[in-house]
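The values are calculated or read from the model by the stated rules, or taken from the named source; none is laboratory data. Just so we're clear, the structure is a prediction, and the values are computed from it rather than from any experiment. Cβ placement follows ideal geometry from the backbone for every residue including glycine, while neighbour counts extend to all protein chains displayed.
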Amino acid sequence: MSKLLFKLNNVPNEEADEVRQLLRDHEIFFYETNAGMWRVGLDAIWLPDDTQYEQAKVLLDDYQQQRTAHQQQLYAELEARGETPTLAKKIAAHPIRFLAQVIAIVFILAISIVPFWYAFS
């Protein structure tokens, strides 16, 4: 029976490609499913052969530990250079988008609150 190895929800394409390559390099047969047009299914990598599951799981755990350490190192380097993204930097990079979002929030709040404001006054 098939066994779920790795969910691909919110996984960057780079990481998913590296996982696929890791499995191919170790000759572990796998197949992928996608969530479909309505996103009801599951984006995932599955193993059709239960006998390879333990080997694949060990490989995947090792890979994820290495990737985590690498990503933490990259973030520390960005932090040391003062290049980490902050809220202020994100707003400064896209001020019009930020302003549009604030206006949309205020508009939705106004539509939600105004009827009650007049109903009780």
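Tabulated results
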{"quantity": "Any hit, region 68-78, residues being under 23 Å from E15 (Cα atoms), touching an Asp or Glu at 6+ places or on another chain (Cβ under 9 Å) and not small (G, A, S)", "calculated": "yes"}
{"quantity": "Residue satisfying condition, being more than 30 Å from S2 (Cβ to Cβ), assigned by TED's automatic domain parsing to the domain that holds L8 and part of a helix (DSSP H, G or I), within set L74, L59, L109", "calculated": "L74"}
{"quantity": "Of residues in region 1-25 being closer than 16 Å to R67 by Cβ and not in a helix (DSSP H, G or I), the one modelled with the lowest pLDDT", "calculated": "N10"}
{"quantity": "Residues of region 76-120 that turn out to be aromatic (F, W, Y) and at pLDDT below 95, as a count", "calculated": "4"}
{"quantity": "Out of L99, L87, sole residue that is of a type in the set (A, V, I, L, M) and loosely packed, with under 10 Cβ neighbours inside 10 Å", "calculated": "L87"}
{"quantity": "Sole residue being more than 23 Å from the chain's Cα centre (by Cα), β-branched (V, I, T), closer than 30 Å to L4 by Cβ and surrounded by 12 or more Cβ atoms within 10 Å (Cβ to Cβ), chosen from I45, I28", "calculated": "I28"}
{"quantity": "Candidates L8, L59, filtered to the one that is within 20 Å of the chain's Cα centre (by Cα) and surrounded by 11 or more Cβ atoms within 10 Å (Cβ to Cβ)", "calculated": "L8"}
